[in-house]
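**Student:** Supplied in structure tokens, the structure appears directly below.
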Amino acid sequence: MRDTNDPLQRLRDRLHLLADATCAFAESDEEHPRLIESLTRRVADAMGDLCGVWLASDDGAWVSCVGLHDGASDALAALQPLVQAPVRARDFPLVGCVLERREAVLAPEFDAADDELPAGARALLATLGARSVLVVPLRARRRAVGAMVLVRHRPDRDPYDEDDWDFAQTLADHIALAVTSGALVASLQAELAERTRAENALARSEELLRHSHKMEAVGRLAGGVAHGFNNVLSVVLSYADIILAELAPDDAMRPDVVEIRRAGQQASDLTRQLLAFSRKQVLRLRPLGLNDVIAGIESMVRTVLGNDVELTLALAADLWPVRADAGQIEQVIMNLAANAHDAMPLGGRFTIETRNVEVVDDPSAPAVDLTPGPHALVTVSDTGHGMDRETIDRIFEPFFTTKAKGRSVGFGLSTVFGIVRQCGGHIRVFSEPGMGTTFRLYFPRTDAEATVRRRTLSAPVEPAASAITVLLVEDDAQVRAVVRDILARAGHRVLEASSPADALAIAGHEGARVHLLLTDVVMPDLSGPQLATRIAALHPAMRVLFMSGYTHDTVSEHGLTNTSADFLEKPITPAGLTRKLREMFG
């Protein structure tokens, strides 16, 4: 740009410079510091010997040079201490006073003795050989975000005047607008990124919640189906056993009845797995050490895995106790081991690790129903073929399986899911195709002292107990009939009641002595536990045996919260009922 004394030409040049600066900040993809550096060069050529731009920190205490140009190298050398790194505004009074006052400083004819400028500023300007000085603030949002410094030291140029002031201030305000807009854009981008992250986390939470609700709905359906099946299977299995007991070993009908019973037992196993998945089977939750349970079945796990799979146990010595059913925890480990064996047909490694963890409430990594607090963590991992995302989303659904038809009905992992959740725990799965699979089982810590798990062989069947009087209360006619027949065949006296009201009437009858109340849990008017309380007032020595095909939550809602109470889970069979009576009265 030409340096001319023609006012019109000078105005045109400055308008061009202003227009170029405006377009550069509006359209360029370059970072603002680079644009400011380029602009200072053009302003120095057009208006003065030296031009520099310093930006202030948010609190105004520090300033940083973002652009500096001058044709004389000795002048730049004098400014190096103020350019290389941020400096305190009070150590650069030429800029500091403008930032503080938010007003420009114009010294058309600089005089080192002029007391209108701070002493430190006069000393610096004298070093630069200044003849004329103009410093304007970068104004934005009612404060100065920086300053533009113009120093003219060539003797062949005119001093700065008010026109120069107006033009410099306009440029400075453009720079301020660009700087603050850039900060605003950066802030908006950061806010957008944070919002996107939050929305992604919310979407993941909603996905987990939907999956949880789906599993809960399927669980309720499974529990209802299992209850209905249990009553039917009680009749099928019991009459099959009764018929088998009457048939001679060589009777032609015996194989047919055996097949009927086998099919009924398979159906019973399925209903038990349905109840496990729905987290509704009746568990004996007691304080226990997971390490004891895992160590107790180590040999069984090795047998399931086979010789070509390496088993590694890494059990924490100080593992916190939890409340769980030891037998069900064993089933969880065995089911996971069986799945791992199928996932490693060519061999591999199966690892069980335990440790204490403190679950922290982290919204960025949501896990539905994983309550913050101390947990005992069981990590079960294999080096098998792994699973894709679609498979992981369905592995806990009953009847879902990736195995060949006939090899599985798809209840292994659904049972694992139900048992862990019913113990108050949570299960998470991590897997990728070809990368193996890891299950993390979280169990809340309990303050109660753990009991030692001891596996014992089942006691041999003993002769029937002495004859007793049993008050049988069952609202399902078929189930009541078959239980009555079982008790009668065992030599016991049976008093039948189809409702709690009938049971109370029988129990209150003068002379009626009841040794055992055998009652369903869920009935109209009165629940089994409520009925037992009423009748116990009439027969203090009476024992109580509860039975139900309903789910754990349901029987708990009806008052059976004492896990030490005698309980018989449906389907009822002759062997199961007589064995239970032998335990209670033998």
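Throughout, read-outs are computed from the coordinates displayed, never taken from laboratory work. Just so we're clear, the structure is a prediction, and the values are computed from it rather than from any experiment. Glycine gets a Cβ as well: all are built from the backbone with ideal geometry, and neighbour counts include every protein chain shown.
**Student:** How would you order 193-202, 285-294, 56-65, 236-245 from highest to lowest mean count of nearby Cβ atoms within 10 Å? Working shown, then result.
**Tutor:** Details: 193-202: 11.1, 285-294: 20.5, 56-65: 16.3, 236-245: 19.0.
Per-residue Cβ counts within 10 Å, averaged per peptide and sorted highest first, yield 285-294, 236-245, 56-65, 193-202.
**Student:** In the stretch 284-444, if every C-alpha pair distance is counted and binned at 5 Å from zero, what percent goes to each bin?
**Tutor:** With 5 Å bins starting at 0, P(r) equals 2, 9, 18, 22, 22, 16, 9, 3, 0.
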